[in-house]
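Trainee: A single structure is presented below for examination.
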């Protein structure tokens with residue numbers, strides 16, 4: 001994960017509460033009596049949401065953080081050299097991302113072990129787990145075919161992160177332009193089939209997160225193959 005922090009957000013964040021002697025007590029309602037109070041509050045909440053959702057940060061050393069803000073506000077020299085700051089922060093966030101990925105992998109391994117014992121679940125040589133919900137009788141796609149599908153994707157805790165069903169519009173793509181677990185499954189499915197897939201991280205997004213999917217995640221998909229479409233995209237030879 002790359003460390004990106006604009007000077008503007010660093011300078012403005014919590015500027016209304018950097019005076020000495022002011023304690024931050026979130027157990028009481030926030031007093032927003034002026035326009036500056038509200039702007040400062042909203043800058044703080046906006047930045048903190050970015051830290052939690054994108055950076056995985058849910059705690060800060062308030063004194064050090066506010067000191068950094070105040071030094072910039074006062075035009076004083078920042079005490080960590082700018083030339084090394086980026087590398088330091090990148091290393092820190094990479095370490096956090098790796099730790100989060102390992103945690104997700106362990107949870108996924110436990111889920112996969114439990115799931116493969118369920119009735120009807122089959123496991124391929126690659127580790128893909130699938131269960132046939134209904135078997136179609138149409139053609140089976142090959143590598144590079146364009147397909148139309150309906151799907152719902154979930155994390156192992158049941159959180160839906162994407163769903164063409166909820167959008168009310170099927171997705172169309174090439175079988176070789178999706179994650180490996182999807183490619184493998186689609187080439188087993190006849191048109192009209194609906195499968196439940198449980199895809200380990202090695203066949204999904206691996207150690208990198210993407211959007212609402214954390215790094216190292218095992219993913220669950222319910223996939224219905226609706227059709228194989230004419231493919232006007234030239235295939236590499």
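Trainee: Being touching a helix residue (DSSP H, G or I) at 6+ places or on another chain (Cβ under 8 Å) and exposed (fewer than 15 other Cβ atoms within 10 Å of the Cβ) is the filter here; which residues of segment 130-170 pass it?
Mentor: 143, 160
Trainee: What number goes with the only condition from (1) farther than 30 Å from residue 228 by Cα; (2) more than 26 Å from the chain's Cα centre (by Cα) that residue 137 does not pass?
Mentor: (1)
Trainee: Just one of 68, 120, 108 is over 29 Å from the mean Cα position of the chain (by Cα) and within 13 Å of residue 198 (Cβ to Cβ); which is it? First the steps, then the outcome.
Mentor: Values: 68 fails: within 13 Å of residue 198 (Cβ to Cβ); 108 fails: over 29 Å from the mean Cα position of the chain (by Cα).
Sole residue among the options that is over 29 Å from the mean Cα position of the chain (by Cα) and within 13 Å of residue 198 (Cβ to Cβ): 120.
Trainee: Any chance segment 43-50 includes a residue that's modelled with pLDDT of 85 or more and assigned to a helix (DSSP H, G or I)?
Mentor: Looking only at segment 43-50, we keep the residues that are modelled with pLDDT of 85 or more, and these are 45-46.
Cutting the leftovers down to assigned to a helix (DSSP H, G or I) gives us 45-46.
Within segment 43-50, one or more residues are modelled with pLDDT of 85 or more and assigned to a helix (DSSP H, G or I).
Trainee: Need at least 1 residues that are touching a strand residue (DSSP E or B) at 6+ places or on another chain (Cβ under 7 Å), farther than 30 Å from residue 50 by Cβ and modelled with pLDDT of 95 or more per element, so show me which strands (runs of 3 or more DSSP E) inside segment 60-163 make the cut, counting only ones lying wholly within it.
Mentor: Of the strands (runs of 3 or more DSSP E) lying wholly inside segment 60-163, those with at least 1 residues that are touching a strand residue (DSSP E or B) at 6+ places or on another chain (Cβ under 7 Å), farther than 30 Å from residue 50 by Cβ and modelled with pLDDT of 95 or more span 121-123, 129-134, 146-155.
Trainee: Also, I was wondering about something else. Of these, 84, 69, which one is farther than 24 Å from residue 211 by Cα, surrounded by 14 or more Cβ atoms within 10 Å (Cβ to Cβ) and not assigned by TED's automatic domain parsing to the domain that holds residue 216? Can you show your working first?
Mentor: Details: 84 fails: surrounded by 14 or more Cβ atoms within 10 Å (Cβ to Cβ).
Of 84, 69, the one residue that is farther than 24 Å from residue 211 by Cα, surrounded by 14 or more Cβ atoms within 10 Å (Cβ to Cβ) and not assigned by TED's automatic domain parsing to the domain that holds residue 216 is 69.
Trainee: Which residues, taken from segment 168-209, are outside any loop (DSSP other than H, G, I, E, B) and without any contact (Cβ under 8 Å) to a residue 60 or more places away in the chain?
Mentor: Step one: filter segment 168-209 for residues outside any loop (DSSP other than H, G, I, E, B), giving 171-174, 180-186, 194-199, 201-203.
Across segment 168-209, the qualifying residues are 171, 172, 173, 174, 180, 181, 182, 183, 185, 186.
The values are calculated or read from the model by the stated rules, or taken from the named source; none is laboratory data. Fair warning: this is a prediction, and the values are worked out from it, not measured in the lab. Cβ: placed from backbone, ideal geometry, glycine included. Neighbour counts: every protein chain shown.
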